[in-house]
Every structure is written in C-alpha cells, then in structure tokens.
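Report on the structure given below.
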Amino acid sequence: MQRVTVLGGAVTAVLLLIQMAAPPARADTMEAALLRAYQSNPQLNAQRASVRATDESVPQALSGYRPKVTANASAGTQYSDQLISLGSRTILADGPNSPHAVGAAATQTLFNGNQTANKTRAAESQVLGAREGLRLMEQSVLLAAATIYMDYLRDAAILEVQRSNTRVLEQTLKQTRQRYDAGLVTPTDVAQSEAQLAVGRTQELTAEANLTTTRANFRRIIGNEPEQLAPASPVDRYLPETLRDAADITLVENPSVTAAMYGIDVNFLNVKVNEGALFPTVTLQASVQRGWQQTVTQIRQFNASAIAQVNAPIYQGGAEYSLIRQSKEALEQQRLNLEQVRDQARADLITAWGQLLAGRAQVASTQSQVSASEIALLGTRKEATVGQRTVLDVLNAQQAVVNARVALVSAQHDRVVASYAVLSAVGRLSPQVLHLATPAYDPSVHYRQVRDNWVGVRTPDGR
C-alpha cells in the first residue's frame, strides 16, 4: 500500500490527496472563485437591483416639495337654445357652436404637517437599511462560495482516498486468495476480504455521488465548473484576537444589526408622518384658462387665478388616530426586534468561534490519528505475515487508516470554513477585507444618479 505522508499545513493533505491523481497545470484559487461569485452570482445581482429600486423611494418622497403642473385642452360642438333678457327686451340665441379651450394649472404644497420632510427622511433610512441588506447578501454569497470551494476540495480528496482504498483491498483480496490456494488461510478469510472490498466499492460510489452534487452546487454559486482547485488557507489574519473583541465588533458592524437599527428610524419617522395628518394643509393653486365660443353669444374668454387654500382636518372618522397608534406599536416591535437580532448575531458569533477553536484542535488530533493508524497498519501487516495477526485484523487496520484520512480531510475543510464563518458573523466578510482584485460595488453611485432627478425614465446603471 502506498502511504500518504501527513504534513503540517492546514490544507496540505487535501492538496496532496488531489494531486495523487494528476498535478494541476494551472490551479484555480479561492480568491478567484470568491471574485467570480461576487461579480456574477445571480442572487447577489438581484439584491443589488432591489437596492436600486429602493433608491427611487427618495425622489418619490422629494416630489412632495415640488409643484404639480397640469395642462388641459378641450374641443367639440354643441347646440344651444337660450332666451336672454336684456331689460325690457329678450333675445333668442340658438344654434350650434364649437367651443374649444386650453389652460394650465399648478399646485404647490406650502405646509402639510412636515409629512414630506419626514417621508423623505424615512425613505433615506430605507435606502440605508437596504444597503445593509445588500451587505448581508454579499457576506452570505461569499461564505457560500468559500464553503462550496472547500466542499469540493474535501469531496475530491475523499473520493481519491476511497479509490486508493479500493485498489488496496483488491490487492489484499488477491493475496488472500493466493494464500488460500497455498493452504495458509481459511475460506472465512477470503469471504472477509470480499466483504470488505464490497464495502470499499460502496464507499467509493458514495464519494463519487457526493462529488457530483458538490460540482453542481459549485457551478450554481460560483458560476463555473471546478477545474484543478488549489488549496485554501484560513483567514485568521483578518479576525479579531479575542472573542470579546469580536463580540464588540459584531454589535456594531454586523449587517443584520445595522439593518435593524435603520428599521427603527423608519418606523419612528412613520409615526411622525401619521401625526402630520392632524395638522392643516396649506396649498397655493394658480391656473390660466383661454376659451373660445363657449356659448353662442360668447366669442372668447380668458381666466387667471392664484388662490391660497388652507384645509384643517377636524374629524375624519378616527382612522388617522388609529394609524398613529398602529405605527407606535410597530416602532416598539422594531425596537424589540433589534434586541433579538443582536442576541442572534452574538449567538452566531459564539457558535462560529467555538467551531473555529474546535477545528484547530481537530486538525492536530486527526493528523496524529493518521500517523498512528498508518504505523499500526504497517505493524499489523508484518505481524500477519508471521501468523500473529489474522486477515480480519489487517482489514480493520486498513479501514482505520481510511477513516483517519477522511477525518483529516473533513477537519481541514471545517477549519477553513469556520474562519470564514467567524469573519461573516463579525460583519467583515467583504471584498475589501479579503483584498479581492475587483472594485467593490458602490450602491451610493446609483443613489446620487437618481436622487435629484425631476424628470426622465432612463434607468441609470449605477456606475
């Protein structure tokens, strides 16, 4: 049996096991995979489009500051039959005429209980909350990409371990049959070798199926088929030094927490908007109208007006008071939700931190397990050649080596994924922190492009 040397690096054994098949000519890297996921993942791009749609809520709110202008025109025909009294005389005016008119009107709101101002601030808070939602999605996609990258390395290495195990078991069965023909072992030993080989082939088929599933998910998340993946290392260098430091950062930078904070701002301003409905509304209306042949006796007409109007609500059935009470309860709910989000973020961090510490210890222990099991297998084989061990002992030792190697590959996988999970829980899993070779998507660019637009239906691209 070909023995695999245990190396000390976190993922060196994974690379070695993959390279046993064929050394890569040009390996793909974790950084390149994360970059592709950041640029082309459809779920992330959909979230970016959602943020751009949320940006439009600000110019919609700002429209309350701007005048509303309408133009009108009319034309047609009518028949009139009028008897007009002029002192002691009466005049009969009848016949068809063609009335037509053009005009324009403008309305400007001067005061509405600060509803427009509060709606604008609420919309701006919604935009900021949407950006935090986008940051959360970015972290989720990057974590999923890092996880599937390591999943493929793990499953490919496990498959190679199982294939190597099958080859060894086939050789063991061949040797056992030769010894049986020589009268050195019993039929039971041959049957045990055959059974273990069947188990090994089943494990190999299972590993192939797992790798096929992982390959499909790799394509879905990262956007390309996995080809010659290079090993990846943990991102401990970007993590806080202690759990306490990480917890303090999480409560400030975790996007779930910051999004909930902006949610409180939105609900508070909604209370102010609903309270503004109790205030009077002051508007200024101006209009001009030019008409011709409005009646049989009227040749033309011109009207112009400028009117200030005050509408003071007295009682509207009580709906406005209900809306105020409802929005206050929604505000309290959001405040309680913030506490829940903080607790969840802290719990997620502690869970990920514990998995990171456990992963470090598991890598070291499984490396020792592999080394010890390989030594035990070698000794068992030597003892079996002099009759001190049975074929079953050799098969069990061989399976122990396989289990140890699979455990090592899984521990190395978990070690790397846990480091990315901690970085995500803290709120710093981003292309800027990871130093990915791509410009970060800046949602404020699109916001500035649309915020002060008065007219236009063109959709800016946000660049």
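The values are calculated or read from the model by the stated rules, or taken from the named source; none is laboratory data. As the structure is a computational prediction, the values presented were derived from the model and not from experiment. Cβ coordinates were reconstructed from backbone atoms using ideal geometry, including for glycine residues, and neighbour counts include every protein chain displayed. For the accessible areas, the whole protein counts, side chains as well, though only heavy atoms, and no ligand, DNA or RNA atoms are used. Shrake-Rupley method; radii C 1.70, N 1.55, O 1.52, S 1.80 Å.
Conditions tested, residue by residue: (1) touching a Leu at 6+ places or on another chain (Cβ under 7 Å); (2) open to solvent by 80 Å² or more (accessible area, probe 1.4 Å); (3) under 19 Å from residue 74 (Cα atoms).
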| residue | (1), (2), (3) |
| --- | --- |
| 288 | no, no, yes |
| 304 | no, no, yes |
| 309 | no, no, no |
| 314 | no, yes, no |
| 322 | no, no, no |
| 327 | no, no, no |
For this session: Please list, ordered by first then second residue, the pairs with beta carbon atoms under 9 Å, 6 or more apart or interchain, first in segment 165-177 and on the phi < 0 side of the Ramachandran plot, second at pLDDT below 90 and exposed (fewer than 14 other Cβ atoms within 10 Å of the Cβ).
Result: 167/2; 168/2
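Among the listed residues 177, 89, 121, identify the single one that is open to solvent by 60 Å² or more (accessible area, probe 1.4 Å) and within 30 Å of residue 444 (Cβ to Cβ).
121
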Seminar exercise, completed: Residue hits (segment 364-377; touching a residue at least 60 places away in the same chain (Cβ under 8 Å) and not β-branched (Val, Ile, Thr)) are 367, 371, 374, 377
Exercise. Any idea which residue in segment 41-71 is nearest to the chain's Cα centre (by Cα), counting only those that are over 30 Å from residue 113 (Cβ atoms) and either small (Gly, Ala, Ser) or open to solvent by 70 Å² or more (accessible area, probe 1.4 Å) (or both)?
Worked result: 43
Seminar exercise, completed: Among the residues of segment 353-370, the number that are farther than 18 Å from residue 424 by Cβ and open to solvent by less than 40 Å² (accessible area, probe 1.4 Å) is 4
Exercise. Which ones in segment 180-198 are within 18 Å of residue 387 (Cβ to Cβ) and open to solvent by 50 Å² or more (accessible area, probe 1.4 Å)?
Worked result: 180, 181, 182, 183, 184, 186, 187, 188, 192
Exercise. Has segment 211-224 got any residue that is open to solvent by less than 50 Å² (accessible area, probe 1.4 Å), in contact with a Phe, Trp or Tyr (Cβ under 9 Å, 6 or more places away or on another chain), among the hydroxyl-bearing types (Ser, Thr, Tyr) and in contact (Cβ under 8 Å) with a residue 60 or more places away in the chain?
Worked result: yes
Problem set entry | Breaking point among (1) closer than 30 Å to residue 346 by Cα; (2) assigned to a loop (DSSP other than H, G, I, E, B); (3) of a type in the set (A, V, I, L, M); (4) without any contact (Cβ under 8 Å) to a residue 12 or more places away in the chain, for residue 361 | (2)
Exercise. Checking residue 38 against (1) among the hydroxyl-bearing types (Ser, Thr, Tyr); (2) open to solvent by 80 Å² or more (accessible area, probe 1.4 Å); (3) under 60 Å from the mean Cα position of the chain (by Cα), which single condition isn't satisfied?
Worked result: (2)
